[in-house]
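I have placed the structure first, in the form of structure tokens, so that the comments after it can refer back to it.
A short reminder: the numbers here are calculations on the coordinates, not readings from a lab. Worth saying up front: this structure is predicted, and the values here are computed from it rather than measured. Ideal geometry is used to build each Cβ from the backbone, glycine not excepted, and the neighbour counts take in all protein chains shown.
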Amino acid sequence: MKKNLGTICIHGGWKAKKGEPQQLPIYQSTTFKYETSEQMARLFDLQDEGYFYTRLANPTNDAVAKKIAALEGGIGCVLTSSGQAANFYAIFNICQTGDHFITSNTIYGGTFNLFGVTLRKLGIECTFVDPEWDDERIEAEFRPNTKCFFGETISNPGGNIFDIERFAKMAHRHGVPLIVDNTFATPINCRPFEWGCDIVTHSTTKYMDGHATQVGGCVVDSGNFPWEQYADRFPGLCTPDDSYHGLTYTKAFGKMAYTTKLVAQLMRDLGSIPAPQNSFLLNLGLETLHLRMPCHCNNALKVATWLQSNDNVAWVNYAGLPDNKYHALAQKYMPLGTCGVIAFGLKGSKEDAVCFMDNLDFISIVTHVADARTCVLHPASHTHRQLSDEQLREAGVAPDLIRLSVGIENVEDIISDLKQAMEKVFSK
Ligand code: PLP
């Protein structure tokens, strides 16, 4: 039976059989027992399916991965130990030393650093482009060794909306996949595969968990990218892997080639799996994702509208606001709402912004975002403090930007807290 997203949030991945636990069990075991040496050998020869070591596969992790794949409409999903690991794996699965890729420059600071510094050390070069540039200017950045295009559905922290369909078409014109980090929108509000995106990543630490209990990530494959059509460009997928029985992933696994390689090669060699206990916690979060996201969006729209009408606020960026420059794109890709994250600036100095945050009552200053609890952060002083002023501007982060992640508390209380903190700053 075809199920709607709300039903998948609850029932996806794990289906209890007679006498089995109703709730997803935590298989907190590194390894799995077999009765004969022959049985184990058949697993290694890929003749039988089964679990043998949690770094490669674990029933709790697999059930949660299946749920997320179903939510995104993908054919395969791999859970990782963090969102950082997910973005690293998504790129590294198809890029090697000497390769190049293109990314939107309005992305999370950690991803900016991963791409611009750490991947560069591995010999993988990345060009940052402004998605606002016209097609001609961006397309000029594609090179013969370009392997993919990357963007965030809703950028963290700027809140800019990525034109998925436009960049999917552009990537495909150049024979490469589009990878989209869908963390802030979640599949409840946006399903990038429906707009031509090929691979989706998430920091599951955020809305998917929603309660700040675990750090995690995932990579989801649509199964749609025709790797074999560009076999020379993707030798890792389309030529034999000596480290894996000489198998050619596209030949042996068809549409599951990308996902299988990511597990069989990257997970095997690099690790970065989530603990089954963490996947259990993530699964509890996913069970209410379809209820929390509309509440985040409704609350955020009310808060953004209130901020916009406040004389002490210099600017507000929330794509849910009708006069926002990204509103039309948001309506196209996320008609049900975007997310709970608002970016705004106060009239006044950086010290005023800090004073405002220090005077909040239940709204907390945390590095975290996209949580049931309303929280606030000043990226230029916190998450993005490693970036120069120029890099901050390139990443769409104004020095006065306050990132407010609107939670699911009573919205009148959220506004009252903001109001009383603002009064303390501006009545001085
Ligand atoms: N992608 C986005 C959009 C993020 O906001 C974050 C973290 O804030 C990450 C990736 C990295 O995720 P994690 O903190 O789970 O490693």
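Based solely on its DSSP helices, what 222 nm [θ] is calculated for the chain when runs of n ≥ 4 H residues each add -39,500 (n - 2.57) and the sum is averaged over all residues, nearest 500 deg cm²/dmol? Spell out each step's value before the answer.
Details: 17 runs with 146 residues, N = 428.
Only helices count here, giving -9500 deg cm²/dmol.
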Residue-ordered couplings for segment 362-369, obtained by feeding phi - 60° into the Karplus form 6.51 cos²θ - 1.76 cosθ + 1.60 and rounding to whole Hz (Gly and Pro as x), are 8, 6, 9, 7, 9, 6, 5, 8
The ³J(HN,Hα) series, computed from each phi in segment 282-287 with the Karplus coefficients 6.51, -1.76 and 1.60 at θ = phi - 60°, rounded to the nearest Hz and given as x for glycine or proline, is 4, 4, 4, x, 4, 4
Output for segment 156-293 (equivalent-ellipsoid semi-axes, sqrt of 5λ from the C-alpha gyration tensor, Å, descending) is 29, 21, 11
Can you run phi through the Karplus equation (6.51, -1.76, 1.60; θ = phi - 60°) for segment 412-423 and list ³J(HN,Hα) in whole Hz, with x for Gly and Pro? 5, 5, 4, 5, 4, 5, 4, 5, 5, 5, 5, 4
Can you give me the long-range amide H partners of Cys126? Hydrogens built in the peptide plane at 1.01 Å from N, cutoff under 5 Å, separation of 5 or more residues or another chain. Phe101
Can you pull the Rg over Rh of the chain, Cα-only, Kirkwood? 0.99
Tell me the label-point distance for the pair Asn4, Arg173, using the 7 Å Cα-to-Cβ offset, in nm and rounded to one decimal. 3.9
Rounded to the nearest 10 degrees, the helix 83-92 long axis (Cα) sits at an angle to the longest Cα principal axis of the chain of 50
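Would segment 143-212 count as rounded, prolate or oblate if I go by the C-alpha gyration tensor, calling it rounded below 1.5 in a/c and otherwise prolate when a/b exceeds b/c, oblate otherwise? Let's see the in-between values first.
Details: a/c = 2.22, a/b = 2.08, b/c = 1.07.
Here segment 143-212 falls in the prolate category.
Counting DSSP beta bridges in segment 1-151, what percent are antiparallel, to the nearest 5? All intermediate terms of the calculation are to be shown ahead of the outcome.
Numbers: 1 of 9 bridges.
If we restrict to bridges inside segment 1-151, about 10 percent are antiparallel.
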Using the Kirkwood radius over Cα pairs, work out the Stokes-Einstein diffusion coefficient for segment 266-398 at 25 °C and 0.890 mPa s, in µm²/s as a whole number. 142
Long-range HN-HN contacts of Asp181 with modeled amide H, under 5 Å: Gly151, Glu152, Thr153, Thr201
Quick one: angle between helix 289-308 and the longest Cα principal axis of the chain, in degrees between 0 and 90, rounded to 10, please. 30
Taking the alpha-carbon centroid of each part, what is the distance from segment 296-359 to segment 113-132 in angstrom? 29
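Given an 8 Å cut-off on Cα distances and at least 6 residues of separation, report the relative contact order of segment 354-428 as a percent.
On the way: 95 pairs, mean separation 29.0, N = 75.
Rounded, it is 39 percent for segment 354-428.
Treat the count of other C-beta atoms within 10 Å as a stand-in for reagent exposure and order Tyr27, Tyr326, Tyr34 from fewest to most.
On the way: Tyr27 19, Tyr326 22, Tyr34 16.
By the 10 Å Cβ count, ascending, the order reads Tyr34, Tyr27, Tyr326.
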List every residue whose amide H lies under 5 Å from the amide H of Asp241, counting only residues 5 or more places away in sequence or on a different chain, with H placed 1.01 Å from N in the peptide plane. Gly246, Leu247, Thr248, Tyr249
For the chain, what is the percent of antiparallel DSSP beta bridges, rounded to the nearest 5? 60
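Sort segment 1-77 into rounded, prolate or oblate with this rule: let a ≥ b ≥ c be the square roots of the eigenvalues of the Cα gyration tensor; rounded if a/c is under 1.5, and if a/c is not under 1.5, prolate when a/b is larger than b/c, oblate otherwise.
Details: a/c = 2.47, a/b = 1.81, b/c = 1.36.
In terms of gyration-tensor shape, prolate.
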Over the Cα atoms of segment 69-228, Rg to Rh with Kirkwood Rh, two decimal places? 0.93
